[in-house]
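Novice: Below you'll find the structure I mean.
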Amino acid sequence: MTRYTWRTGILEAGMILLAVIFVFPVVILTNIALRAPSDRTSPLLPPLQPTLENFARAWQEASLGGAILNSAVVTIVSVVLLVGLAAAAAYPLARVTRRWSKITYGLFMAGLLLPFQLAMIPLYSLIRDLGLIGTLWGLVIFYVGVQMPFSIFLYVQFLRAMPIDYEEAALIDGCGPLRAYFSVVFPLLRPVTGTVVILNAITVWNDFLTPLLYLSGSGNVTIPVALYGFVGDYVQQWNLVFAGLLISAAPVLIVYFLMQKSIIKGFAGGLKG
Amino acid sequence: MSVQLQEAPPSTTRRPIRPPSRAHRRGATWFMVVPALVFYAVAVLIPSAQGAVLGFTDWNGLLPEYDFVGFDNFVEIFTTPASLSALWHTFFLAVAITVIQNGIGLLLALGVNSHIKSRNFLRVLLFAPAVVMPVVVAYLWQYLLAPTGAINSLFAAIGLPGLAQSWLGDPTLALWSIVVTVVWQFAGYSMVIFLANLQSIPEDVIEASALDGANAWQRFWYVVRPLLAPSITINLMLSIIGGLKMFDQVWVLTQGGPGGATETISTLLYRNAFQFGEFGYGIALGLVLTVFVAIVAGIQYRVIGRRGQA
């Protein structure tokens with residue numbers, strides 16, 4: 001069953017044809033972004049005179065530089081907090097069999113089912129009353145809280161499958177609980193920490209609705225909101241808009257193609273139910 | 001059930017995992033949970049609990065005072081044509097996306113799980129859109145589907161200008177256009193989850209059935225399909241709940257238009273609360289959505305329960 005037969009050849013050809021159709025939108029996107037605005041030929045034809053001018057203009061007029069920086073700050077701070085707090089919380093939740101531990105874990109898991117739409121409005125008014133609208137901190141609080149159940153879930157699942165011999169040896173040798181956690185347990189969590197980082201970073205980086213609520217009009221926005229405002233200002237100027245879209249998608253896509261193996265693994269393996 | 005790919009470090013001894021010993025109970029302590037719980041309580045638990053109460057009020061979001069109005073908000077949701085059609089669109093999008101995305105995702109996974117030479121390349125390529133911002137993908141498709149956009153140009157170029165449509169301007173087509181956009185982005189996501197599951201099926205099981213004379217379809221239906229139960233469950237759950245909650249793509253593509261033809265619970269909630277200041281009504285919509293999600297999760301739970309270990 002492992003030979004490359006003529007059937008495999010037909011399948012290969014079919015799959016590649018499918019991939020070409022699948023990529024068609026991206027080809028159009030790049031094609032339009034590389035054209036001068038005066039080029040009014042069919043979008044299916046290559047540009048008359050390829051230019052990078054749209055990219056420079058989009059970068060400037062949508063303030064994409066500042067937006068990318070804001071997105072990076074929110075993503076990095078949120079992910080670091082999530083990893084630190086979720087792993088620490090998961091350790092007792094996975095190891096202690098007392099009642100408080102089970103109840104707390106159940107409380108976190110309930111969060112996997114609550115759609116953010118329910119908490120959205122009361123949380124908005126809380127963030128507003130705290131004076132955090134228009135700041136990146138309101139967003140960080142939101143992401144750390146909302147992504148916590150899923151991150152804890154991943155850590156607890158992993159910890160439950162992990163033998164306790166190592167940490168127990170450390171405890172018997174006189175290690176305090178915190179030291180055992182930091183020097184023995186946390187380093188052993190590295191594979192699942194990778195998954196937690198990847199899934200949360202992509203979720204936070206790509207989110208649109210929350211920054212739209214918390215940041216719009218503040219001049220201090222993340223990429224999706226910057227794009228949203230930019231497209232609003234330059235309706236139908238697709239050359240410019242598409243250059244902006246490509247710039248915005250580039251950071252994630254570059255990281256994706258560099259680390260595709262672990263990213264795909266993170267998505268496929270992290271979502272065990 | 002598990003499509004888990006990550007392995008915990010191997011045990012030094014061959015003993016099965018045993019309950020924590022006494023030394024251990026001293027080890028892990030409650031205070032390590034507190035910081036996580038604080039963030040979770042502030043961002044999720046407390047506002048959700050507030051939401052469960054405020055959905056029964058006429059709160060305008062600004063003044064601290066409000067009146068309880070009983071079930072008025074819910075009566076309004078379930079009797080007004082605009083919100084009834086938003087409920088229907090939400091349901092329609094979730095189901096259509098789930099069926100089509102997973103159907104395509106499964107076919108792609110079966111194709112990529114073969115011996116074709118381009119399998120790794122195709123896997124990376126087909127999954128790529130799933131990591132991109134939904135906002136970017138939605139703008140791309142807004143152009144492709146525009147009256148003078150790429151799809152209509154393509155039809156003109158191949159001599160079929162009659163197929164050109166106002167994809168986002170026609171009330172029926174607009175909903176399907178959203179489905180196409182979302183499926184294009186996330187079919188690779190479903191594929192990756194099916195693929196992880198397919199790769200965990202030992203090849204000799206399939207070979208054995210082939211030797212017993214099962215044809216390709218029988219091998220898939222009687223051997224592979226039952227073993228795919230874990231990934232089917234996860235994929236259905238992810239796409240139904242994702243579809244019910246979806247906001248970004250609808251808001252960018254159509255803003256609920258034309259004439260409310262693609263309004264969903266999420267867009268209606270956003271519009272009513274943040275543009276019209278009807279916070280109580282918006283929260284009530286959030287509660288309705290929560291109940292929908294809970295029903296889906298409940299069905300899922302029962303299905304798994306019946307199968308024993310799915």
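The values are calculated or read from the model by the stated rules, or taken from the named source; none is laboratory data. For clarity, every value in this text was computed on a predicted model and none was experimentally measured. Neighbour counts run over all protein chains shown; Cβ positions are idealised from the backbone, glycine included. All accessible areas refer to the heavy atoms of the entire protein, side chains included, with ligands and DNA or RNA removed. Shrake-Rupley method; radii C 1.70, N 1.55, O 1.52, S 1.80 Å.
Novice: Okay, helix-only estimate at 222 nm for the protein assembly as shown: each DSSP H run of n ≥ 4 adds -39500 (n - 2.57), divide by all residues, round to 500 deg cm²/dmol; what do you get?
Specialist: The helix-only estimate for the protein assembly as shown comes to -21500 deg cm²/dmol at 222 nm.
Novice: A further question follows. Sort A:154-167, A:105-118 for me by packing, meaning the mean count of neighbouring Cβ atoms within 10 Å per residue, highest on top.
Specialist: In decreasing order of mean packing, A:154-167, A:105-118 become A:154-167, A:105-118.
Novice: Relative to the isolated chain, which residues of the stretch B:44-60 have their accessible area cut by 10 Å² or more in the presence of all protein chains (1.4 Å probe, heavy atoms, no ligands or nucleic acids)?
Specialist: Residues of the stretch B:44-60 that lose at least 10 Å² of accessible area once the other chains are added: B:Val44, B:Leu45, B:Pro47, B:Ser48, B:Gln50, B:Gly51, B:Trp59.
Novice: Starting from the Cα of A:Ser183, move 7 Å in the Cα-to-Cβ direction to define the label point; list residues of the stretch A:143-171 whose amide nitrogen is under 19 Å from there.
Specialist: A:164-171
Novice: Excluding A:Phe230 itself, calculate the net charge of residues whose Cβ lies under 12 Å from the Cβ of A:Phe230, where each Lys or Arg counts +1 and each Asp or Glu counts -1.
Specialist: Here the count lands on -1.
Novice: Moving to a separate point now. Residue-wise, which Karplus ³J(HN,Hα) couplings in Hz belong to the stretch A:243-259, taking 6.51 cos²θ - 1.76 cosθ + 1.60, θ = phi - 60°, and x for glycine or proline?
Specialist: 4, x, 4, 5, 4, 5, 7, 4, x, 5, 5, 4, 4, 4, 5, 6, 10
Novice: With every protein chain left in place, what is the accessible area per residue of chain B in square angstrom, probe 1.4 Å?
Specialist: Value returned for chain B: 46 Å² of accessible area per residue.
Novice: Chains A and B: how much accessible area gets covered up at their contact, both sides added, probe 1.4 Å, in Å² to the nearest hundred?
Specialist: Using a 1.4 Å probe, the pair buries roughly 9800 Å².
Novice: Using a probe of 1.4 angstrom, how much of the accessible area of chain A is carbon and sulfur, in percent?
Specialist: Reported share for carbon and sulfur atoms: 67 percent.
Novice: Right, something else. For chain A, modelled as a Gaussian network with Cα springs under 10 Å, which listed residue fluctuates most, A:Glu168, A:Glu61, A:Glu53?
Specialist: So, out of A:Glu168, A:Glu61, A:Glu53, the one fluctuating most is A:Glu168.
Novice: Expressed as an acute angle from 0 to 90° and rounded to the nearest 10, what is the orientation of the C-alpha long axis of helix A:223-233 relative to the principal long axis of chain A?
Specialist: 30 degrees
Novice: Estimate the FRET efficiency between A:Val255 and B:Val205 by the formula 1/(1 + (r/R0)^6), using the beta-carbon distance for r and 41 Å for R0, to the nearest 0.05.
Specialist: Step by step, r from the Cβ atoms, then E = 0.65.
Novice: Between B:Arg225 and A:Arg99, what's the calculated FRET efficiency when r is the beta-carbon distance and R0 is 45 Å? Round to 0.05.
Specialist: 0.65
Novice: Hey, quick one: spin label on B:Phe121, modelled 7 Å out along Cα-Cβ, who in the stretch A:18-52 has an amide N within reach, i.e. under 12 Å?
Specialist: Inside the label zone: A:19-20.
Novice: To continue, here is another question. Given labels modelled 7 Å from the Cα in the Cβ direction, how far is it in nm from A:Ser218 to B:Val75?
Specialist: The answer from the label model is 4.0 nm.
Novice: By how many nm would the segment from A:Leu112 to A:Ala169 grow when fully extended, if each residue of separation counts as 0.36 nm and the alpha-carbon distance is taken off?
Specialist: Gain on stretching A:Leu112 to A:Ala169: 17.1 nm.
Novice: So, taking all protein chains as they sit and a 1.4 Å probe, how much accessible area belongs to B:Glu278, in Å² rounded to tens?
Specialist: Taking all protein chains as shown, B:Glu278 has close to 80 Å².
Novice: At a Förster radius of 30 Å, what calculated FRET efficiency corresponds to the Cβ-Cβ distance of A:Ile10 and B:Thr148, to the nearest 0.05?
Specialist: The computed FRET efficiency comes out at 0.20.
Novice: Going through the DSSP H helices of chain B, which span 20 Å or more along their own axis at the Cα atoms while scoring at least -1.0 as a mean Kyte-Doolittle hydropathy?
Specialist: Those that clear 20 Å and a mean of -1.0 are B:81-112, B:171-199, B:229-245, B:279-306.
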